[in-house]
1. Is it the case that GLU638 is among the charged types (D, E, K, R) and touching a Phe, Trp or Tyr at 6+ places or on another chain (Cβ under 7 Å)?
2. Taking only pairs six or more apart or across chains, which ones have beta-carbon atoms under 8 Å, a first residue in the range 557-579 that is within 13 Å of GLU523 (Cα to Cα) and surrounded by fewer than 18 Cβ atoms within 10 Å (Cβ to Cβ), and a second residue that is modelled with pLDDT of 90 or more and of a type in the set (S, T, N, Q)?
3. Quick check on the range 421-449: of everything there that is without any contact (Cβ under 8 Å) to a residue 60 or more places away in the chain and buried (at least 16 other Cβ atoms within 10 Å of the Cβ), which residue is nearest to LEU539 (Cα to Cα)?
4. Looking at this structure, is GLY304 in contact with a strand residue (DSSP E or B) (Cβ under 8 Å, 6 or more places away or on another chain), farther than 26 Å from GLU263 by Cβ and in a helix (DSSP H, G or I)?
5. Among VAL357, VAL334, VAL328, VAL343, which is the only one that is under 18 Å from the mean Cα position of the chain (by Cα), of a type outside the set (D, E, K, R) and at negative phi?
6. Restricting the search to the range 183-226, which residues are basic (Lys, Arg) and either without any contact (Cβ under 8 Å) to a residue 24 or more places away in the chain or under 21 Å from HIS171 (Cα atoms) (or both)?
7. Exactly one of these conditions fails for GLN358: (1) buried (at least 18 other Cβ atoms within 10 Å of the Cβ); (2) under 28 Å from GLY304 (Cβ atoms); (3) not acidic (Asp, Glu). Give me its number.
8. Given the range 128-188, what helices (runs of 4 or more DSSP H) lie entirely inside it while holding 2 or more residues that are acidic (Asp, Glu) and under 24 Å from VAL219 (Cβ atoms)?
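The values are calculated or read from the model by the stated rules, or taken from the named source; none is laboratory data. The structure presented is a predicted model; accordingly, all values stated were derived computationally and were not measured. FYI the Cβ positions are ideal-geometry reconstructions off the backbone, even for glycines, and counts take in every protein chain you see.
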Amino acid sequence: MTSEREDREASAASAQRAPDAPQVPQALAAILEVLPFPIAVSSLSGGQRLMANRAFRNLQGLDADPDRENDLEVTTLDGAPRRVALQDVPLRPLDLLLTVVHDHTLMRFTQQALRESEHRYAVMADASPVGIMRLDPKGLCHHVNRRWRELTGLTPLQSLGKPWYEAVHPHDRPQMAAQWEAARESDHEFRAECRFKRSSGETCWVLVQAERVRNRKQVLEGFIATVTDITAGKRTEEEIRQLAYYDPLTGLPNRTYFMEQLERALAVARRGDRRVVLLFCDLDNFKDVNDAHGHDLGDGLLQGIADRLSGCIRKGDILSRLGGDEFVLLLPRVSRDAEILAVAQKFIGAMAKPFSVQGHEIFAATSIGIAVYPDDGQDVATLLKHADLAMYAAKAEGRNRFQFYNEEMNRRIQQRTRLESGLRRALDLEEMSLVWQPQFSLRTGKLVGVEALLRWHSRDLGDVSPAHFIPLAEETGLIHNIGAWVLEEACRRAATWQKVGTRPVRVAVNLSGRQFMEPDLVERVMGILRTTGLDPSWLELEITESMLMHNAEAAQETLMTLRQGGVGLAIDDFGTGYSSLLYLRNYPVGRIKIAREFITDITTSANDAAIAGTVIAMANSLDMRALAEGVETEAQAEFLRALGCHEVQGFHFSRPLKVEAFESLLD
């Protein structure tokens, strides 16, 4: 049923028709009337409106002869706004023109919403603290936000339509492009770290993550990718890595890094039948430098050594500082022995030149031990151990040289290890004892003194020669405790003899080089004398010439303080070291002991006789006493007597005695 309005409009339309206007076929009119979209029918030739269907009549703003615009704003009868477009469809055989009204309202709303959404996206994207890029299915940039432009230094014109990875640092770009293409084609997630390099030359680290965008039919429309600046995190990560893998003093790789690289090099060598070489370097007398000049200068020396040795290595070799004054060089690929020799000689040569540190000219040398995979070990621990053993062998051979590892060396080192292990327990196990070497007046033959000599009888090793364990005690630092025990035991025994009424004699005790360098030596000596009750005048400390030359000023001060405290001083093995009239004149020495090397052949060697005679004459002129060591024959004794020597000791007069036997001499 039509409304009255429709009837009126239909009547008006009929009234306006010209008598000769074409007619709309009834069947067509009926069909058009029920169609849901607006249609009007006009005369093609005359232009008169012939009819309008119900949907057309429901629109206001479409007059009888509307402009043919593509975008008209109209309303429905109930006042709802609509955006429409008109389309004319001519039916020439019927002389009719169909005007079809297309309702674009929903499309316009959708477009508007899309534009607003795009605007909101652009605003939000530009406000984002991370870079954002929209990519097409090929990975070409279609949109980049402000943060992306800041990170890359590229303008939109430089970015759009191009692969995003063109912003990547040239060094990283090939790998990043391959990684991106592989992920894009395989449908895998993309996540990668890389560097961006701006046109200004600045570099930043970024994390790039990309997600696929698909339509409702799951067709790939492109990618949304984020770019996060991780430069600060990378810097922190690098700082942590520096702390974990590098020595803060020298900047060289540390033990942790070295061990990882050695393990990796051995794994590669096992697969490829290669040789791997270790050069274990330990500085000679570095402790002396620290003691003489302080640790700050010692640190400066280590830095200078690290720089100089770094300049001696080949590309691919790894120089590390293991700690202290130990450096190790890894040669991961070696084909000829000549390569090893060249590097070792280069190290030795580099260390031959002095180092200038804090205004001081310091000479430093290194002993190098060399171990080769697979000949000298199949694993990290064995190679390091054998390189270390070879280094100690180099030191034993005279220092400032290199030594290859061999099995005989291993045997000797194992013996040394057993010796050191026993030596560390010797005092606690009461395995140490003293024997007493009597000293006699050559003129009267009377006992004038005694030298306390250390002996070690090990439960496991038996009697160990002082020539073996004393140098080891010096090297390991055990000499401090051992030397203190010897001094205290000698003073205690001498004080006991005096308390029981025996004739007092001078007791001589040898000081080691390390003991003499102890800063509290004077206090320790005087403390032992007080504790034991021995008068200082009955104690004589024997030192060697080399001790006096190490730090002349400090040595003179120490000796003067001891002498002022009443302690006697003697130079042991005179003539075998830095013999100098200067220190004899300046130091408060009361006795010179002529080394046994000049006594053995004194009756047959004119040179030895001349040296011994000169020393005795010098002692007399300086108001000192001369004591000859190692006198084993009567002929030697007579010769020394004729030269005016004051005192002697040696097997001709007495072997070293146990305490009971020596006490019988006192009685």
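1. Working: among the charged types (D, E, K, R): yes; touching a Phe, Trp or Tyr at 6+ places or on another chain (Cβ under 7 Å): no.
Here the answer is no, as GLU638 does not meet what is asked.
2. Matching pairs, first to second residue: none at all.
3. Once the filter is applied, the top-ranked residue is MET432.
4. Yes, satisfied.
5. On the way: VAL357 fails: under 18 Å from the mean Cα position of the chain (by Cα); VAL334 fails: under 18 Å from the mean Cα position of the chain (by Cα); VAL343 fails: under 18 Å from the mean Cα position of the chain (by Cα).
Exactly one residue qualifies, and that residue is VAL328.
6. Scanning the range 183-226 gives ARG191, ARG195, LYS197, ARG198, ARG214, ARG216, LYS217.
7. (1)
8. Output list reads 173-186.
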